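The structure appears right after this line, and notes come after that.
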Protein chains: 2
Amino acid sequence: VNAPVAAILITGNELVGGRTRDLNGPLVAASLSESGFEVRHLDFVPDDAALIEAALRRLLDEEPALIVTSGGLGTTHDDLTVDAVARATGLPLVEHVEALAFVEAATRRVAARRRLPYDDLLSRTRSQAVLPEGAEIVAPAGLAPGFLLRAGATTLCVLPGVPAEVRVMWPQALETIASRLALSRHERLVVRTYGAGEIQIQPLLDAATLDRLSVGITAAEGEVAVVASYDDHDALARAQARALELILKAGSPVFSDDGSTIDEIVAGWLRGRGQTLAVAESCTGGALGARLTDLAGSSDYFVGGIVSYDNAAKTGLLRVPADTLEQRGAVSTEVASAMAAGARAVMGATYGIGITGVAGPGGGTPDKPVGLVYIACSSSERTQVEEHRFPGDRASVRAWATTAALHLLRQALI
Amino acid sequence: VNAPVAAILITGNELVGGRTRDLNGPLVAASLSESGFEVRHLDFVPDDAALIEAALRRLLDEEPALIVTSGGLGTTHDDLTVDAVARATGLPLVEHVEALAFVEAATRRVAARRRLPYDDLLSRTRSQAVLPEGAEIVAPAGLAPGFLLRAGATTLCVLPGVPAEVRVMWPQALETIASRLALSRHERLVVRTYGAGEIQIQPLLDAATLDRLSVGITAAEGEVAVVASYDDHDALARAQARALELILKAGSPVFSDDGSTIDEIVAGWLRGRGQTLAVAESCTGGALGARLTDLAGSSDYFVGGIVSYDNAAKTGLLRVPADTLEQRGAVSTEVASAMAAGARAVMGATYGIGITGVAGPGGGTPDKPVGLVYIACSSSERTQVEEHRFPGDRASVRAWATTAALHLLRQALI
């Protein structure tokens, strides 16, 4: 497995301070892995000139094929990356004509939108065209251009920190990078299971021969994913990957063998059949609807939802019988079923899902503790209900519940 | 500013591979910053024994007061952290009696839940009690105990990778660590603005004297946050922080000066007044409801929501007039207002919010491009509507829209 090595360096006080969740690391790392790179480092440092330079020097010392940085471009006092790159590579800074053209165009747009004088604004934005000599410009999605730079055996790719800008600029940069490196074709086997623990999956891995594969195992919200990377030109590696897939399928509850997520699977099935879905959420507060509509084109099968956070919404909008609520309580098999059936009927969908539970931290009782969640799926033929006791805190219970709901829907769709 | 230095090292192929979003880094980093540490590194490495050991050695070389690791404890083949810590510190591995007691108790629970033979399972879990000599056990929240370890001037805190376990174990470990270090009291000024760009806020920072402060500026979804850390025992630093706060308040649209988020502000106001909120969401698909109910106790003021993803839900559940929908289109001032008023009326709430827009990537037209979103807030007195053109892709448009909705609600509450 001789994949080219990549490292990612992300700067920002807000990231090492834990105030902002990073979105760029996962995005860049995932596409690097898919392109056949081995990502060895994903490092975050504060907005500190000396620390950024030291981190760059340390990564350059390892001579990876690629270093991608994100953050610290722009015009505020904590935008320090360009200087750090120049010092770490020993290259002088010069104003780039192409970069200046981009900066001028972007400045004109911002000046118009915010009704600020252009010349005044340009005097503050112009510094973004000053980049290390030899830099190859990556067109900006916002104000700041990015760039590619050779430093010995390493290509540096320097990007801004705003995630929406990175999502536009990074794929363009990666295309250029990938076209220049002769990337050996790396394949990935991704097998996802639901309903068994990591401790039950590991013995299956122990039983397989894996020496030509790089294997990882990850558990989250009841799912366990086994990911094996290998060189597609290596026939023995391919055979080991195939054997691993068969062993996992024989010994564990596999629901996906092609990398697709549970979200993509149920979306694909609903769309393929022209069926629709409506949801009724209590403890998840809309998170299932939000997750379903994360996928573009979800309006093809998702008709809508009702967040019945209090009981009046359950009886009024979802037609849950008031005496059921009173006798069984809002967190019960009966109410979950009635919510699922209600969502389906009220919104005229093929399937209805109902979720009701105790997400915590308050509201638990000995009978109905925090983590107890009922999930129902209703169709014209039948209504299935499941009782779950999810681990962890409020965020954990809510995340497990939306995942479990998608798996219950998958079973109904089979 | 001589805060003790901390570094965080997180292991996991799934994290450097970008397949899983890390939750532990932000959690640990935020509480370290709040406790007065300066976080200099947040590094991710794959599940590779040599890389983990090298990263530990490099961080130990810098002699920080604290290194926190997360991941790689447990019983699967990629659980390599304990060995790496032993090698990097030169300490022998021994079975710890206290750790074994924890492992036995946890194994008993798992055996019962999954109906597996206890002895069999213990033979696989027992290795988790083998830890470096001198380790001080952190009680496990799942199967794997964590531990604290002294290595020269540095304290190592070794935690598992499962976020729900870290959320329980880390606060206990931090309490022990903080009680032993004489932490100088670090204060933080956090000022949040909404409606101005970073490029408009920076001149205010340039006008202030900041040499005793460590200042960061972050923009996201229309909000700009300025964070200044300083030593509370330094009178000059306190004065600079106070002056900075006044300059920002005079020159920019500040909505928070005590660290509270827009989510916490509207939640506090609604709760304090005994008022309630209902939402009607189209393009956000439930994300606003999910965000509102992220906060524990949100049932005090959030009554529920309707996700009217298709038009039938808008007319049927929210009573949006069909001719308004037809004449103005689903993405229009009139429909947003009708949705807000409908949510309020149908669910009997003090305030109703309506969101309708084009999240993309498809569905845009020259008249109604991707990013166009109408947001309305309705009370018994009036209905306010705003037209927005949010930047970026689907995820970005949806995130900006929920943030904008909370700010519109705040204005209605003033």
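Rounded to the nearest 0.05, what FRET efficiency is calculated for residue A:126 and residue B:49 with R0 set to 35 Å and r the Cβ-Cβ distance? Don't skip to the answer; put the middle values down first.
Numbers: r = 49 Å, r/R0 = 1.39.
Computed FRET efficiency for residue A:126 and residue B:49: 0.10.
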Practice problem: Return a whole-number percent for the relative contact order of segment A:145-238, with Cα pairs under 8 Å and 6 or more residues apart as the contact set. | Solution: 24 percent
Quiz item: How far apart are the residue A:235 label points across copies, placing each 7 Å from Cα toward Cβ, in nm, shortest first?
Solution: 8.3
Quiz item: In chain B, what residue has the beta-carbon at the shortest distance from the axis of the rotation relating B to A, and what is that distance in angstrom, rounded to the whole number?
Solution: B:286, 2
Exercise. Assuming a ≥ b ≥ c are the square roots of the Cα gyration tensor eigenvalues, decide whether segment A:275-405 counts as rounded (a/c under 1.5), prolate (otherwise, with a/b larger than b/c) or oblate.
Key: oblate
Quiz item: For the residue pair residue B:30 and residue A:387, what label-to-label distance in nm results when each label sits 7 Å from Cα along the Cα-to-beta-carbon direction?
Solution: 3.4 nm
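Estimate the FRET efficiency between residue B:275 and residue A:264 by the formula 1/(1 + (r/R0)^6), using the beta-carbon distance for r and 51 Å for R0, to the nearest 0.05.
Working: r = 40 Å, r/R0 = 0.79.
That gives a FRET efficiency of 0.80.
Please identify the GluC sites (Glu not before Pro) of segment A:90-134 that satisfy two criteria: DSSP loop assignment and at most 15 other Cβ atoms within 10 Å. Which are they?
Values: sites: A:95, A:98, A:104, A:133; in loops: A:133.
Qualifying residues, ordered by number: A:133.
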Self-check item: Span from the segment A:158-175 Cα centroid across to the segment A:1-72 one, whole angstrom
Solution: 13 Å
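With an 8 Å Cα cut-off and a minimum separation of 6 or more residues, compute the relative contact order for chain A in percent.
Relative contact order for chain A comes out at 10 percent.
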Practice problem: Starting from the Cα gyration tensor of the protein assembly as shown, take the square roots of the eigenvalues, sort them a ≥ b ≥ c, and report rounded, prolate or oblate (rounded when a/c is under 1.5, otherwise prolate if a/b is larger than b/c, else oblate). | Solution: rounded
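What whole-number value in cubic angstrom gives the convex hull volume per residue for the C-alpha atoms of segment B:199-320? Don't skip to the end; give the middle numbers.
On the way: hull volume 18.3 nm³, N = 122.
Looking at segment B:199-320, the number lands at 150 Å³ per residue.
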Quiz item: Rounded if a/c is under 1.5, else prolate if a/b beats b/c, else oblate: with a ≥ b ≥ c from the C-alpha gyration tensor eigenvalues square-rooted, which is segment A:110-170?
Solution: oblate
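Within segment A:312-414, report the trypsin sites (Lys or Arg not before Pro) that DSSP leaves as loop and that have at most 16 other Cβ atoms within 10 Å.
Working: sites: A:314, A:319, A:328, A:344, A:382, A:389, A:394, A:398, A:410; in loops: A:319, A:382.
Filter output for segment A:312-414: A:319, A:382.
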Quiz prompt | Pseudo-label separations to other copies for residue A:260 - Cα-to-Cβ vector, 7 Å, nm | solution = 4.7
Practice problem: Please compute the net charge surrounding residue A:171, taking Lys and Arg as +1 and Asp and Glu as -1 over other residues with Cβ under 13 Å from its Cβ. | Solution: -3
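If you take each beta carbon of peptide B:391-401 and count the beta carbons of other chains within 10 angstrom, what is the mean?
4
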Quiz item: Which whole number gives the average count of other chain Cβ atoms within 10 Å of the Cβ atoms across peptide A:157-169?
Solution: 3
Quiz item: Between copies, how close do the residue B:361 label points come, placed 7 Å along Cα→Cβ, listed in nm from shortest?
Solution: 4.2
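Using square roots of five times the C-alpha gyration tensor eigenvalues, list the equivalent-ellipsoid semi-axes of chain B in whole Å, biggest first.
46, 29, 19
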Exercise. Could you please state, rounded to a whole Å, how far the C-alpha centre of segment B:224-289 is from the C-alpha centre of segment A:114-144?
Key: 30 Å
Quiz item: Between residue A:207 and residue B:101, what is the spin-label point distance in nm, taking each point 7 Å from the Cα along the Cα→C-beta axis?
Solution: 3.7 nm
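If R0 is 51 Å, what FRET efficiency do you get for residue A:119 and residue A:246 from their C-beta distance, rounded to 0.05?
Working: r = 68 Å, r/R0 = 1.33.
The calculated FRET efficiency here is 0.15.
Please list, by residue number, every one of the GluC sites (Glu not before Pro) in segment A:380-414 that is coil in DSSP and has at most 12 other beta-carbon atoms within 10 Å.
On the way: sites: A:381, A:386, A:387; in loops: A:381.
Those that pass, being in a loop and sparsely packed, are A:381.
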Quiz item: Under a point spin-label approximation (7 Å from Cα along Cα-to-Cβ), what is the residue B:326-residue B:294 distance to one decimal in nm?
Solution: 4.1 nm
Self-check item: Residues in segment B:15-35 occluded by at least 40 Å² - accessible area, probe radius 1.4 Å, against chain by itself
Solution: B:16, B:17, B:18, B:19, B:21, B:26
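The values are calculated or read from the model by the stated rules, or taken from the named source; none is laboratory data. Just so we're clear, the structure is a prediction, and the values are computed from it rather than from any experiment. Using ideal geometry, Cβ is built from the backbone for each residue, glycine included, and neighbour counts are taken over all protein chains shown. Ligands, DNA and RNA are stripped out before the accessible areas are found, and what is left, the full protein with its side chains, is counted by its heavy atoms. Shrake-Rupley method; radii C 1.70, N 1.55, O 1.52, S 1.80 Å.
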